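Scroll down for the structure; my scribbles are underneath it.
The values are calculated or read from the model by the stated rules, or taken from the named source; none is laboratory data. Here the structure is a predicted model, which means the values were calculated and not measured. With ideal geometry, Cβ positions are generated from the backbone for all residues, glycine too; neighbour counts draw on all protein chains shown.
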Amino acid sequence: MSQTEYEVKVGMECHAELLTQSKMFCGCRNEFGGEPNTRTCPVCLGLPGSLPVFNKAAVEQVLRTALALHCEISLHTIFHRKNYFYPDLPKGYQISQYGSTPIGVNGYLEIEKADGSVKQIRITRVHLEEDTGKSIHSDGAGYSVMDYNRSGVPLMEIVTAFPPDIESGEEARLYAEALRSVLLYLNVSDGRMEQGSLRAEPNPSIRPVGSEMFGVKTELKNLNSFRAVQRGVEYEAQRQAAEIEAGRVVIQATYGWDEEKGVTVLQRLKEVEQEYRYFPEPDLIPIDFDTEYIESVRASLPELPLARTRRLREQYELPAADALQLVSDRATADFFEESAKAAKDAKAVANWLLGDLTRLANAAGTPVSETPVTAAALADLVNLIVAGTITGKIAKQVIEEMFVSGKTASQVVADLGLTVSGADEVAGIVAGVIAANPDVVAKIKGGNEKSRGFLVGQVMKAAKGRARPDDINRLMEEALANA
Amino acid sequence: MAELYELTAADLAAKIASREVSAREVTEAFLARITVAEPSVHAFLTVTPELARAQADAIDTRLAAGESLGPLAGVPVALKDNLCTAGIETTCASQILRGFVPPYSATVAEKLQDSGVVLLGKTNLDEFAMGSSTENSGFFTTGNPWNPDRVPGGSSGGSAAAVAAGEAPLSLGSDTGGSIRQPAAFCGLVGIKPTYGRVSRYGLVAFASSLDQIGPFAHTVEDAALLLTAISGHDERDSTSVPRPVPDYVQALTGHVEGLRIGIPAEYFAEGISPEVRAAVMSAVGVLRGLGAVVDEVSLPYTDYALAAYYIVAPAEASSNLARYDGVRYGMRTARSSNHIELFERTREEGFGAEVKQRILTGTYALSHGYYDAFYLKAQKVRTLLQRDFAAAFERFDLLVTPTTPTTAFGIGEKSNDPLAMKLSDICTIPANMAGIPALSQCCGFDTDGLPVGMQLMGPAFSEETLLRAAHAYEAATDWHMRRPNL
């Protein structure tokens, strides 16, 4: 029996909590966590008689995102009620946007694949809705309690177009990463998948290669990382194929992702289509966008990640991986560019930023752009190396001190006397090492070149890293020849 | 000399302002009257005597200090119990909200408090304002002060009965399909459903959001104008309230209607309207004509579809608005549940009355996938057609005059087993809600049983001044408004 070859098609629904000061329809602060039910009011608790008033900042953030995703903007857009019962939904309906005129329609997001090729993933809608509260289940105590701090937090939903353009787990991950990057650039989301402020829900289906028909899709939830997005889709595609190969059918259902076991777990069958009884929200008035306003928002959009990656590669001659890593966070990329402009070697800035500075920042739990090492200070450090004032090895010591004290590289070097040793000084040290190790010198003379490394090491140790390797090698050569 | 409780709000306010009587004396007079009338009327779900006395004393203190207060300072009011009042139980006459004490007040309640008005208590209604008689109250039925065996109308029957019985000089109700105007007609009062968006709905427990408006009950047009002025205006907390300046509606009461163009829509005088009601309204039109108004007939052909469309739109919105009563956060919770689904189902089964359940079911059906276009969307289209009907009529006329109700107050129990007959009692009032236009009901006579007859005036959006002016002129030429029931 020949094995059928399948291809996977993946639609994606992503939700991002917006970075507004207040909630979607009331004045309560929009923040993660906190003492349960401390950021609530009659509106987000859905008390009888309360009414929603939409948050203009949230509307603008969705508009910015829709424009950045190349969407057409609905000049007239309205809210709808999505009706269903759940304890975390205090009004018994979620205010959302249904139908053909959400804020943004028909856009796309580009992803760059490992081989450098770029693929367009079409987006069908970008809309605004409100988040729900959270149920907290007591283990075995027979009750649950509710926290409504998250209730009414503005939530943006971004849905890919059908038929799906995403055709692998890797593409699903790249899409989620690219989207997060755009959202961070627009400063509309903090993009924290582990906290659930950004949620990616792929719905993969498979079909035999060459088939015109689409397979039954399943929905994946609880994917708390990009890696989980890729693994979840890959696992699910294999599971679906195994079902079909075993003579069974794929059943439309929602699956959760078990990160530890690396498997998808059935959560809920979708035997009947959910009946949400959508209708226009009568408590809110329609939003009519002014084209001038839309254009002013469009004009204020920052350079987006993919374009910036391309530019950094060309302008600073950076390796693709470095450019990608720098651009993944807007503040880091801004920091790099500020530093690179003041430095004599942009590549070196990238290396120091992605290397030692990132390591130090991660250890301290601070974003790399917010450590005591400023962009100017990093440029200074690189310039000292370029000028030959300090060695790369000393620079590692210098940046540690800069990170602790907030001093500039020049200050640290001056304070600790770390400038490169002069050739005379190095020559003296070399002479001393040779004099102290006659047996090693004899081995070298006898043809054991490996022992030369030991002497070099002794010199470096004695010079405390301030000697240039070139100087050491040259002077060692001369000294051995004369020995 | 008339008792204090028989006076108009305007007279009471004048006496309080001039310190002829104290606000406290006025409040005591009404509290005493409540004690006398309640055993037969049952207008109140909650009486708030301590609060009323404290508010009245505060007004007296301010007046003693020489402060000049607003035109309603010290005047008592009663509020329909679907208006949220901070610290005071608000039930919507539903078992499901028993024990619910809101942490906040409706905008209208705040505005009244700022006007120095004294709150006497919360009045009975049909559960969640669904009904035309108060017989759907989850607690008890209110009696009509003109005849306790008759209904006071509904849903704002408690607010109407309280004023008619002299238990309060003023009250607020809410009107979704006639819930102010119909009880005003049955109780011989002035009742106004303002233009949609004129009064903030914030804190009004929603029945049908696109139709609900809060409005006043009073003995006289002037009193109604005073109360309407106090509660109107844009509210940032209600997106559907309209940012438009609020006139002093009392200033509109000029007494002049010369040249006012009045339309008589034939559809409102058709089959089903009792001959006595028709005669009383036509006679009132004759009075207005005598005062100089120009009267002519007009047709509003889509009127016949208003009731059917209303019974799609209102239940549909209600089915969603009432979803929040699930026993999780406030109000009643079933004692018999082992999971959240049972908690929802049993709380709602035990907490809602039959009429509310029936409307939730109707509305849920109308919004369901596959039915939405046939019902809700179609009903919204009918609404547009009704609006066009009115727009065309208002090109020719300044206002329209119709009966408020097909009959005078019916007997308690008479229609409670005939839901269609009950709903037909709103046939004249529903179109104004569907079109969002203002409408006023006032007394234009009494039938042979001694029950009041209501006349309805309707005008274009934000024409409250015209309605008040015409009603005031009619009132000045007649003395129906002077009559009081014998309790």
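Some observations on this one:
- Odd one out for B:Asp326, checked against (1) within 14 Å of chain A (Cβ to nearest Cβ); (2) among the acidic types (Asp, Glu); (3) over 28 Å from the mean Cα position of the chain (by Cα): (3)
- Hits in region A:74-91 (condition: touching a residue at least 24 places away in the same chain (Cβ under 8 Å) and within 11 Å of chain B (Cβ to nearest Cβ)): A:Phe79, A:His80, A:Arg81, A:Lys82, A:Asn83, A:Tyr84, A:Tyr86, A:Pro87, A:Asp88, A:Leu89, A:Pro90, A:Lys91
- Criterion (within 13 Å of another protein chain (Cβ to nearest Cβ) and not in a loop (DSSP other than H, G, I, E, B)) met by exactly one of A:Gln120, A:Gln94: A:Gln94
- For region A:22-46, filtered to residues that are touching a residue at least 24 places away in the same chain (Cβ under 8 Å), within 12 Å of chain B (Cβ to nearest Cβ) and within 22 Å of B:Leu204 (Cα to Cα), the residue that is surrounded by the most Cβ atoms within 10 Å (Cβ to Cβ) is A:Cys44.
- Options B:Glu50, B:Glu67, B:Glu89: the member that is charged (D, E, K, R) and touching a Phe, Trp or Tyr at 6+ places or on another chain (Cβ under 7 Å): B:Glu89
- Elements of type strands (runs of 3 or more DSSP E) in region A:146-247, at least 3 residues being in contact with a helix residue (DSSP H, G or I) (Cβ under 7 Å, 6 or more places away or on another chain) and surrounded by 23 or more Cβ atoms within 10 Å (Cβ to Cβ): A:154-160, A:198-208
- Inter-residue pairs, beta-carbon under 7 Å, first outside the structural domain of A:Leu155 (by TED's automatic domain parsing) and in region A:115-134, second of a type outside the set (S, T, N, Q) and buried (at least 18 other Cβ atoms within 10 Å of the Cβ), 6+ apart: none
- Residues satisfying the stated conditions in region A:309-323, i.e. buried (at least 18 other Cβ atoms within 10 Å of the Cβ) and touching a residue at least 40 places away in the same chain (Cβ under 8 Å): A:Thr309
- Helices (runs of 4 or more DSSP H) enclosed by region A:388-456 - at least 3 residues per element that are under 30 Å from A:Lys344 (Cβ atoms): A:392-405, A:409-416, A:423-436
- Of all positions in region A:100-107, none carries a residue that is buried (at least 20 other Cβ atoms within 10 Å of the Cβ), in the same structural domain as A:Leu51 (by TED's automatic domain parsing) and touching a Phe, Trp or Tyr at 6+ places or on another chain (Cβ under 8 Å).
- Any chance B:Ala266 is away from every other protein chain (no Cβ under 14 Å), closer than 27 Å to B:Tyr302 by Cβ, of a type in the set (Gly, Ala, Ser) and surrounded by fewer than 17 Cβ atoms within 10 Å (Cβ to Cβ): yes
- So A:Leu326, is it surrounded by 19 or more Cβ atoms within 10 Å (Cβ to Cβ), farther than 30 Å from B:Val205 by Cβ and touching a helix residue (DSSP H, G or I) at 6+ places or on another chain (Cβ under 9 Å): yes
- Extreme residue, nearest to the other protein chains (Cβ to nearest Cβ), among residues of region A:97-117 that are in a strand (DSSP E or B) and among the β-branched types (Val, Ile, Thr): A:Val105
- Filter result (farther than 20 Å from B:Val47 by Cβ and part of a loop (DSSP other than H, G, I, E, B)) within region B:127-151: B:Met130, B:Gly131, B:Ser132, B:Ser133, B:Glu135, B:Asn136, B:Trp146, B:Asp149, B:Val151
- Residue identified as of a type outside the set (Ser, Thr, Tyr) and in the same structural domain as A:Asn187 (by TED's automatic domain parsing) among A:Asp288, A:Asp334, A:Asp345, A:Asp322: A:Asp288
- Of all residue pairs spaced 6 or more apart or on separate chains, those with beta-carbon atoms under 7 Å, a first member in region B:275-293 that is within 16 Å of B:Ala470 (Cβ to Cβ) and a second member that is surrounded by fewer than 14 Cβ atoms within 10 Å (Cβ to Cβ) and at pLDDT 95 or above are B:Gly292/B:Glu258; B:Gly292/B:Gly259.
- Selected residue (criterion: farthest from the chain's Cα centre (by Cα)) from residues of region B:47-73 that are surrounded by 17 or more Cβ atoms within 10 Å (Cβ to Cβ) and of a type in the set (S, T, N, Q): B:Gln55
- Some residue of region A:255-276 being assigned to a loop (DSSP other than H, G, I, E, B), aromatic (Phe, Trp, Tyr), touching a Lys or Arg at 6+ places or on another chain (Cβ under 6 Å) and surrounded by 14 or more Cβ atoms within 10 Å (Cβ to Cβ): yes
- Residue match in region B:59-75 (condition: in contact with a Leu (Cβ under 7 Å, 6 or more places away or on another chain) and polar (S, T, N, Q)): no
- Selection count, region A:276-299, where residues are more than 14 Å from chain B (Cβ to nearest Cβ) and in contact (Cβ under 8 Å) with a residue 24 or more places away in the chain: 5
- Residue in region A:133-143 that is within 23 Å of the chain's Cα centre (by Cα) and at pLDDT 95 or above present: no
- The residues on offer are B:Val36, B:Val21, and the sole one that is surrounded by fewer than 20 Cβ atoms within 10 Å (Cβ to Cβ), more than 22 Å from the chain's Cα centre (by Cα) and under 16 Å from B:Arg484 (Cα atoms) is B:Val36.
- Pick from region B:393-437, criterion in contact (Cβ under 8 Å) with a residue 40 or more places away in the chain, small (Gly, Ala, Ser) and in a helix (DSSP H, G or I), ranking: surrounded by the fewest Cβ atoms within 10 Å (Cβ to Cβ): B:Ala393
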